[in-house]
Every structure is written in structure tokens, then in C-alpha cells.
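Below: one structure in C-alpha cells.
Please treat every number below as a calculation from the coordinates, not as lab data. Note that the structure is a prediction, hence the values are computed from the model and not measured. Glycine gets a Cβ as well: all are built from the backbone with ideal geometry, and neighbour counts include every protein chain shown.
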Amino acid sequence: MKVILSQDVPTLGKVGDLVKVSDGYARNFLLPRKLAMIATAGKEKEAKHIKAVADAKKKKAVAAAQKTAEKLTNLTVKIKAQAGENDKLFGSVTSADIAVELTKAGYSVEKRDIQIEEPIRELGQHKVKVKIASGVEAVIKVNVERE
């Protein structure tokens, strides 16, 4: 059965794609969840329009994400933590700590989008990747200071 996807399906395709699937998969999974619609001549034209609108939205989202990434690249986040001798922290700075500071600075970033390569356990300046959107990342500076 040929169907037109009305939402992105990870293993199948993107919005507006015309795909051929088994009848059972279409009837039991895709159609009840409104992930797809049965392909007809009129629906194919509608699907092209849906795909064009979805592509335009994605381009706008990526452009906005790139602007945010440029702003974040220039940002330095300051975190105060308790430290012992030799500038070693009691514990570590986590992605949740960084997310809280970014929220205070006016950026809404989920803690799961912050990628710390290795745990931050020392005072000083560290670089951390922040995933903003699919394919758009920014590297921010985290300055850990003694409390």
C-alpha cells in the first residue's frame, strides 16, 4: 500500500514522502496514529504542499538555531563551587548546573542537550558543547570559580 507521511517516522521517511509499506503496517500503525494517509491523486498534490511547508519551517528553525548558536559561542558561564587544595572540586559540575546558569542568562537549554566530554572536577575554564537543534551546536566556555 502506498501512503504519504504526514509526520516524520524515523525508520520510514520524512513529512510528505510517498512510501510503500505493507497493508498491515499502514492499517494497524500508521493510519490510526495519523502518521500517514493513503496515497491518492489529490492527496499527492496535498503532500507536496505539506512537504514544502515543512521544509520552510525547518529552514526557519535552523536559521534561528544558528543565530542562537552564535550568541552562545560568545557566552561565558560562571559557576561557583567548593574546592579543596590543588583546585580540586568537592564533586563535579554537571550539565544540570550549566543548564540552570544558561536559563538565568536567558537561554532555554535542556540539560540533556549539554554534552560534557569529561566530568568537570577542577577550577578554571572549560569548553562544553551545547546542542541547539539537529545539526546545530555551539561551544560555550564554563568558568568554574571557588565559592
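With charges only on Cβ, +1 for K and R and -1 for D and E, what is the dipole size of the chain about its Cα centre, in debye, rounded to 20?
Taking the Cα centre of the chain as origin, the dipole is about 860 debye.
Same structure again: Among ASN143, ASN74, VAL15, pick out the residue whose Cα is farthest towards the positive end of the charge dipole of the chain, where Lys and Arg carry +1 and Asp and Glu carry -1 on C-beta, about the Cα centre.
VAL15
What are the residues whose amide H is under 5 Å from the amide H of GLU122, where those residues sit 5 or more places off or on another chain and H is modelled from the backbone?
Amide H to amide H, under 5 Å and 5 or more residues apart or across chains, GLU122 pairs with LEU89.
Can you tell me the orientation of helix 41-73 relative to the chain, as the angle in degrees between its alpha-carbon axis and the longest Cα principal axis, to the nearest 10?
Around 10 degrees separate the two axes.
Can you give the calculated 222 nm mean residue ellipticity of the chain, where each DSSP H run of n ≥ 4 adds -39,500 (n - 2.57) and the sum is split over every residue, rounded to the nearest 500 deg cm²/dmol?
Theoretical 222 nm ellipticity from helices: -10000 deg cm²/dmol.
Follow-up. Can you give me the Cα centroid spacing of region 12-33 and region 35-99 in angstrom?
Cα centroid of region 12-33 versus Cα centroid of region 35-99: 27 Å apart.
Continuing with the same structure: Compute the helix-to-body angle for 95-104: its Cα long axis versus the longest principal axis of the chain, expressed 0 to 90° and rounded to tens.
90 degrees
For the chain, modelled as a Gaussian network with Cα springs under 10 Å, which listed residue fluctuates most, ILE114, ILE38, ILE132?
In this elastic network of the chain, the residue with the biggest mean-square fluctuation among ILE114, ILE38, ILE132 is ILE38.
What relative contact order, as a whole-number percentage, does the chain give when Cα pairs under 8 Å and 6 or more residues apart are counted?
20 percent
Additional query: Using alpha-carbon pairs under 8 Å, 6+ residues apart, how would you state the relative contact order of region 75-146 in percent?
Once normalised by length, the contact order is 38 percent.
Restrict the search to region 21-123; then list the trypsin sites (Lys or Arg not before Pro) that DSSP places in a loop and that have at most 16 other Cβ atoms within 10 Å of their Cβ.
ARG33, LYS34
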